[in-house]
Amino acid sequence: MTREIGIVGGGAVGLTAASDLAAAGEDVTLFERDALAAGSTGRAAGVLYDAYAGEIDARIGRRSIERFRELSGDGEFEFHETPYVWFAHEDDDRRGDAIREQVAGMKRHGIDAELLAPEDLADLAPALDTDDAGVAALARNAGWTDPATYAEVMAERARAAGVDIRTHTPVSLAEGGVLADGEREAFDVMIVAAGAHTKRILEEAGRSIAMKPYRVQALVLDAALETPMGYDASAGFYFRPHPDGLLVGDGTEEVESDPEGWNREADGAFVASALERTSERFGLPEPTVERAWAGLCTATPDGDPLLGWLADGLYVATGWQGHGFMRAPALGERIAREVRGEPGIGAFDPTRFTGEEEFPIVEGLAL
Ligand SMILES: Cc1cc2nc3c(=O)[nH]c(=O)nc-3n(C[C@H](O)[C@H](O)[C@H](O)COP(=O)(O)OP(=O)(O)OC[C@H]3O[C@@H](n4cnc5c(N)ncnc54)[C@H](O)[C@@H]3O)c2cc1C
């Protein structure tokens, strides 16, 4: 029997779930309060990899890269194959040990990752000053893309499969459905994939979840460099090639943000420190900032997502700890399967927390 399924959120996760559910024959309506990808998806850096040390994460990461590749070349979407390197400084034993452990975990779970000798890192990333690099690693199953294009392509697929996508339609939860434009609409299943707004939407419906939105930042420099993607774990910033130069990200604010009232502009201090660190690392004399911005990520007490049933007919999908875009193809697929009756992932069960937990925000890339 076909059910009526409502989805709140037109980001990468909601759109992928909508497309997969409709392709499986479900009747789906997706509500987006703004334009599609207007939330975190349109602000993401688009770094994609499967380099996860945990078994479930590795499986999700691998499946996502597989789906990104399948989609690449289909219309406008492009997955730019680019290796990902990460390293600690030679005096940073703690992070160096953490990288060794990560790589061992990745290998155990079939991820194509390995430790790199300093000369191999220098060969792979000749534009990067690697003199002070200590433990370094490489993941090959990686690349980058434009997140907004992913959302567009996914929306096209969803519409073609029959999804009713309603943009500029903010909704709140009502008994058995939603309130949209003052009208109550009933759904058999509601999926809340509303990014940083998810907690507030559920709170209005009397449900508490253990999630905190937090602010992160990125910028694009006009430096034309041949480089792999990378993460300087000791200095705490990541980078990837960008059509306009080099994209650099960090600027994590480890405090809870109000999803309605946060500063969308990058801070001057973040821009200055990103410029200084990248100038040093890449030997750039005076790079110009093309664009700088901020966006929200979502943290949970244990760093794992909140993905699953909160109550009968109410499914939640949030808490990606800065890794929601690269996992969206597999997360959306999981959502579709679970909503269609498959068991969920125990470690991601949203009811493992009461929602009243006190917890610190820990940036997602931190080792
Ligand atoms: C600067 C930056 C860099 C990042 N880089 C990366 C990266 O390289 N790789 C990676 O994997 N992740 C990255 N992320 C994280 C990534 O952006 C998110 O994890 C991901 O986009 C989350 O997707 P989502 O669909 O869950 O949420 P969103 O994209 O936030 O979508 C939720 C949608 O719900 C809508 N909504 C909210 N309330 C309502 C309502 N009441 N009614 C209707 N609609 C509503 C919002 O408008 C929004 O469009 C980055 C984030 C930032 C800010």
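The values are calculated or read from the model by the stated rules, or taken from the named source; none is laboratory data. Please read these numbers as outputs of a predicted model, since none were measured by experiment. Don't worry about glycine lacking a Cβ; one is built from the backbone with ideal geometry, like all the others, and counts go over all protein chains shown. Heads up: the accessible areas ignore ligands, DNA and RNA and are worked out on the full protein's heavy atoms, side chains in. Shrake-Rupley method; radii C 1.70, N 1.55, O 1.52, S 1.80 Å.
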Seminar exercise, completed: Quick calc, residue 302 & residue 205: beta-carbon distance into FRET formula, R0 25 Å, rounding 0.05, result 0.55
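When Lys and Arg each count +1 and Asp and Glu each count -1, what net charge do the other residues less than 11 Å away from residue 189, Cβ to Cβ, add up to?
Net charge in that neighbourhood comes out at -4.
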Exercise. Per-residue HN-Hα couplings for segment 46-52, Karplus 6.51 cos²θ - 1.76 cosθ + 1.60 at θ = phi - 60°, whole Hz, x for Gly and Pro?
Worked result: x, 7, 10, 7, 10, 7, 10
Problem set entry | Cβ-Cβ FRET estimate between residue 279 and residue 175, R0 fixed at 41 Å, reported to 0.05 | 0.15
Exercise. Contour minus end-to-end for residue 122 and residue 108, with contour as 0.36 nm per residue of separation and end-to-end as the Cα-Cα distance?
Worked result: 2.4 nm
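Per residue of the chain, what 222 nm ellipticity follows from adding -39500 (n - 2.57) for every DSSP H run with n ≥ 4, rounded to the nearest 500?
On the way: 8 runs with 104 residues, N = 367.
-9000 deg cm²/dmol, from helical runs alone.
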Exercise. Taking amide H positions as placed 1.01 Å from N in the peptide plane, with prolines and chain starts having none, which residues 5 or more places from residue 214, or on another chain, fall under 5 Å of its amide H?
Worked result: 257, 297, 298, 299
Problem set entry | Estimated vicinal HN-Hα couplings, Hz - segment 134-140 in sequence order (Karplus 6.51, -1.76, 1.60; Gly, Pro = x) | x, 5, 9, 9, 10, 10, 8
Exercise. How do 281-290, 221-230, 101-110, 19-28 rank on mean C-beta neighbours within 10 Å, highest first?
Worked result: 19-28, 221-230, 101-110, 281-290
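Roughly speaking, what is the stretch gain from residue 311 to residue 89, that is 0.36 nm per residue apart minus the C-alpha to C-alpha distance, in nm to one decimal?
Computed gain between residue 311 and residue 89 is 75.3 nm.
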Problem set entry | Extreme residue, positive dipole direction of the chain, given options 341, 261, 174 (C-beta unit charges) | 341
Problem set entry | Dipole axis of the chain (+1 Lys, Arg; -1 Asp, Glu on Cβ), positive-most option in 227, 6, 153 | 6
For this session: Enter the Cα centre distance for the pair segment 262-329 and segment 115-193, rounded to the nearest angstrom.
Result: 11 Å
Exercise. How much accessible surface does residue 149 have with a 1.4 Å probe, in Å² rounded to 10?
Worked result: 20 Å²
Problem set entry | Gain in span if fully extended, residue 340 to residue 267, counting 0.36 nm per residue against the direct Cα distance | 21.9 nm
Problem set entry | Electrostatic dipole magnitude of the chain [Cβ: Lys, Arg +1; Asp, Glu -1; Cα centre; debye, to 20] | 940 debye
Seminar exercise, completed: Amide H neighbours of residue 187 at under 5 Å, excluding residues fewer than 5 places away on the same chain, with H built from the backbone geometry, are 177, 178
For this session: Please list the helices of the chain that count as membrane-span-like by this rule: a mean Kyte-Doolittle hydropathy of at least 0.5 together with Cα atoms stretching 15 Å or more along the helix axis, each helix being a complete DSSP H run.
Result: 12-23
Problem set entry | For the chain, alpha-carbon Rg over 2.2 N^0.38 Å | 0.98
Seminar exercise, completed: Under a Gaussian network model of the chain whose springs join Cα atoms within less than 10 Å, the largest fluctuation of 39, 134, 295 belongs to 134
For this session: Can you check how the C-alpha radius of gyration of segment 53-194 compares to 2.2 N^0.38 Å, as a plain ratio?
Result: 1.49
Exercise. If r is the Cβ-Cβ distance from residue 101 to residue 255 and R0 is 35 Å, what FRET efficiency results, to the nearest 0.05?
Worked result: 0.80
For this session: Please list, in chain and number order, the residues 5+ apart from residue 34 or on another chain whose amide H is under 5 Å from its amide H, with Hs placed from the backbone.
Result: 168, 169
